[in-house]
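Report on one structure; see the data block that follows.
The values are calculated or read from the model by the stated rules, or taken from the named source; none is laboratory data. All values reported here derive from a predicted model rather than from experimental measurement. Every residue, glycine as well, gets a Cβ built from its backbone with ideal geometry; the counts of neighbours run over all protein chains shown. We work out accessible area using only protein heavy atoms, side chains counted, and drop any ligands, DNA or RNA first. Shrake-Rupley method; radii C 1.70, N 1.55, O 1.52, S 1.80 Å.
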Amino acid sequence: MFPLSIYLLLSFLGAAVVLTLMPGPDNLFVLAQSISQNKRAGIATTFGLCTGILVHTLAAAVGITALVYQSALAFMVVKYAGVVYLLYLAWQAFKEEGGGLRVESKQALEYKKLYKRGVLMNVLNPKVSLFFLALFPQFIDHSKEAWNVPYQMVALGILFLIQAFIIFTTISFFAEKVGNWLSKVPQVGRRLNIAKGVLLGIIGISLALGEKS
């Protein structure tokens, strides 16, 4: 038997799509990378973010997320590690050269770096784990015929990952077209790097000022 009813699956999918489309660190970072480089950079970032989603899913399923949420010290460590990393990325963006938007010779390396950045950004964002902790229980089927709760949480996490990958990839394709148009404007590369740095800085500060809910 499938772990969840069709009603619960469709309800969860609808909530997941709405939340994924809402402006946040993940989709904004994919957007920025796709505009400043190309869709492959956005997709590389997407793979990293989805790997982070898988980590959060497994952590929620085995109860690690709940333990982190209950420990003020653990929550603060994860939170400020994420803040420091985001501010570091902002500093790196400000340092980037302002030439053309494409650096073909460095793309293979950059894709690996973007994948790692995506993983770290997602894993070090405690709001993602708390979101999973708050959302998943609302769609758990507690009937006798349903699978065990951890298996259901993994199933929900995989569904969330799939829809996030589709949405982020779609963003990458459209953002690349915007980047191609902007690349015709002189000196736009430097301005985009500054905008990316400001965006990452704002995300980092908002994470630092955020509280557990």
Inset, instruction - Obtain the nm distance between the two label points defined at LEU209 and VAL18 by a simple spin-label model: each point lies 7 Å from its Cα along the Cα-to-C-beta direction. - result: 2.6
Inset, instruction - With a 1.4 Å probe and every protein chain kept in, tell me what percent of the accessible surface of the range 3-58 is carbon plus sulfur. - result: 82
Legend entry - Burial order of peptide ranges 37-46, 167-176 (average beta-carbon count within 10 Å, highest first): 37-46, 167-176
Inset, instruction - Give the accessible area for TYR88 in Å² (nearest 10); use a 1.4 Å probe, count only protein heavy atoms, and leave out ligands, DNA and RNA. - result: 100
Legend entry - Length released on extending from GLN138 to ILE6, taking residue separation times 0.36 nm less the Cα-Cα span: 46.1 nm
Inset, instruction - Enumerate the calculated ³J(HN,Hα) couplings along the range 114-120 in order (Karplus 6.51 cos²θ - 1.76 cosθ + 1.60, θ = phi - 60°), each rounded to whole Hz, writing x wherever the residue is Gly or Pro. - result: 5, 4, 5, 5, x, 4, 5
Inset, instruction - Would you mind computing, in nm to one decimal, how far apart the modelled labels at LYS177 and VAL198 are, each placed 7 Å from Cα along Cα→Cβ? - result: 2.6
Legend entry - Sequence of TRP181, TRP91 from largest to smallest accessible area, 1.4 Å probe: TRP181, TRP91
